[in-house]
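Just so it is clear, none of the values below were taken in a lab; they were calculated from the coordinates. Nothing here was measured: the structure is a model prediction, and the numbers come from that model. Don't worry about glycine lacking a Cβ; one is built from the backbone with ideal geometry, like all the others, and counts go over all protein chains shown.
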Amino acid sequence: TTAIRTEAERTYDLDRAHVFHSWSAQAQISPMTITAAAGSYVWDGDGNRLLDFSSQLVNVNIGHQHPKVVAAIQAQAATLCTIAPQHANAARSEAAHLIAERTPGDLNKIFFTNGGADANEHAVRMARLHTGRYKVLARYRSYHGGTDTAINLTGDPRRWPNDYGNSGVVHFFGPFLYRSHFNATTEAEECERALAHLESVIALEGPSTIAAIVLESVPGTAGIMVPPPGYLMGVRELCDRYGIVLIADEVMAGFGRTGKWFAVDHFDVTPDLLTFAKGVNSGYVPLGGVAISPTIAETFADRPYPGGLTYSGHPLATAAAAAAITVMSEEGIVDNAARVGAEVIGPGLRELATRHPSIGEIRGLGVFWAIELVKDQVTREPLAPYGASSPAMNAVVASCKAQGLLPFANFNRVHVVPPCTVTDEEARAGLAIIDAALDIADAGLA
Ligand code: PLP
């Protein structure tokens, strides 16, 4: 233990001296050192084991260190570490084939990127070139990535300091019944009014100026708002009516997270472009991409696509994807996510909601759930303001960690997003820890 602690202390000290962290005021952070991981668990610098109910950034869908995927990366490294994108390569070809087999409808061409943000960058570029239009509509309460176009698509406060007013993105409200912008009281009302609102935005912005509508099939970091039945189909119809490209961002919701390969599969909708990353290879090696419809692919049949990257379809990343997808199929990992969500997490959260006055709403599917925490169940005042944290939220997170659970928290929400491989026992153990942590939130209510 002493040796581990000394090593972890060195890691921490070097981190504080030299590592510049994402999204942070550098002097105000104190990163947890992680020294090892396996399955649903990680180990911190003091040797404590934590149940990973975050899947890191909701990307480790097959769990940590899956031996078959580790072996595939090792084998690929021994064979061919890297190759330029203009060459055909077995790892890239196999991964593209396996992805195209699973993406909905006729999305059969795959453009590989390094992650989710650049997948969205390229999807927007393709839509603009395909339509000859510039403007893009995106949702409030969304996250699409940290690069320039992607952060401007984003509908959360991380956009604000990056928005110079020249991105060509216009935001609209999606359906979110619990905090309805449309004074709706039922899912059907929320769906109908959200679609009418979107059609008004299209009409007033000018249909002939709009290249694409970008949305997360199920918004993730912004709160896991599963769309009401009919909403995504309605957006699809609006896109068809006005010649707008539909881009579904499945970076977080895709590859098993919702209990199906892609979240759009729950709604029988095929987008024109589908972006993915994270779960495609559980983040073992950075990878993202765009799945492209035949119509859009045709636009670039005899006209060069003006975009590319040195590591498009990198062999280590695509070998990891081919192995991860194969493992997910062989081991029934997508079905496990659906079953654990329906049989353990969903019922478990509904039971917690009956006992904890700090729970305003629970919502989700598969291994993709949000607990919306409030100060008051009647007024629905959030336990932390939009875009911020609060002492009460910090206390809930600290209690989870002290009890051996690594949570995913955002503003006033705790998300329950374990790996798709999580067992019933692990899911129950995690919910029991959250149950105890919520007592702290309850106690602070007036
Ligand atoms: N889109 C969604 C829905 C995401 O959740 C994320 C990351 O959290 C991204 C895009 C950006 O992906 P990356 O961080 O790999 O660039």
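Okay, here's what the table says:
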read-out	value
Mean Cα-pair separation over length for the chain, i.e. relative contact order, pairs under 8 Å, 6 or more apart, %	21
Choice from R92, R133, R413 with maximal GNM fluctuation in the chain (Cα, 10 Å cutoff)	R133
Three-way shape label, the range 103-259, alpha-carbon gyration tensor, a/c 1.5	rounded
Two-site label geometry, L80 and K401: point separation in nm, points 7 Å out along Cα→Cβ	4.4
Sites R179 and A88 - FRET efficiency at Förster radius 45 Å, r taken between beta-carbons, to 0.05	0.40
Most mobile listed residue (A392, A323, A71) in the chain, GNM with C-alpha springs under 10 Å	A71
Relative contact order for the range 67-330, counting Cα pairs under 8 Å that sit 6 or more residues apart, in percent	31
Kirkwood-Stokes translational diffusion coefficient of the chain, alpha-carbon pairs, 37 °C, 0.692 mPa s, µm²/s	145
Taking the range 1-108 and dividing mean pair separation by its residue count, relative contact order in percent (alpha carbons under 8 Å, at least six apart)	17
Cβ-based net charge around Q28, under 15 Å, with every Lys or Arg adding one and every Asp or Glu removing one	0
Ratio of Rg to Rh over the range 359-402 (Cα coordinates, Kirkwood Rh, two decimals)	1.00
Pairs of lysine residues in the chain - Cα separation under 26 Å, sequence separation of 8 or more or cross-chain	8
Residue among Q28, Q56, Q86 with the largest mean-square fluctuation in a Gaussian network model of the chain, springs linking Cα atoms under 10 Å	Q28
Hull volume in cubic angstrom per residue (convex hull over the Cα atoms of the range 67-330)	124
Stretch gain in nm, segment A443-A17, where the contour uses 0.36 nm per residue and the Cα spacing is subtracted	149.5 nm
Set of the range 350-369 residues, backbone N closer than 20 Å to the point 7 Å along the Cα-Cβ line of Y140	361
Cβ-defined net charge surrounding A96, 14 Å radius [Lys, Arg +1; Asp, Glu -1]	+1
Value of D in µm² per second that Stokes-Einstein yields for the range 267-320, Kirkwood Rh from Cα pairs, at 37 °C (0.692 mPa s)	254
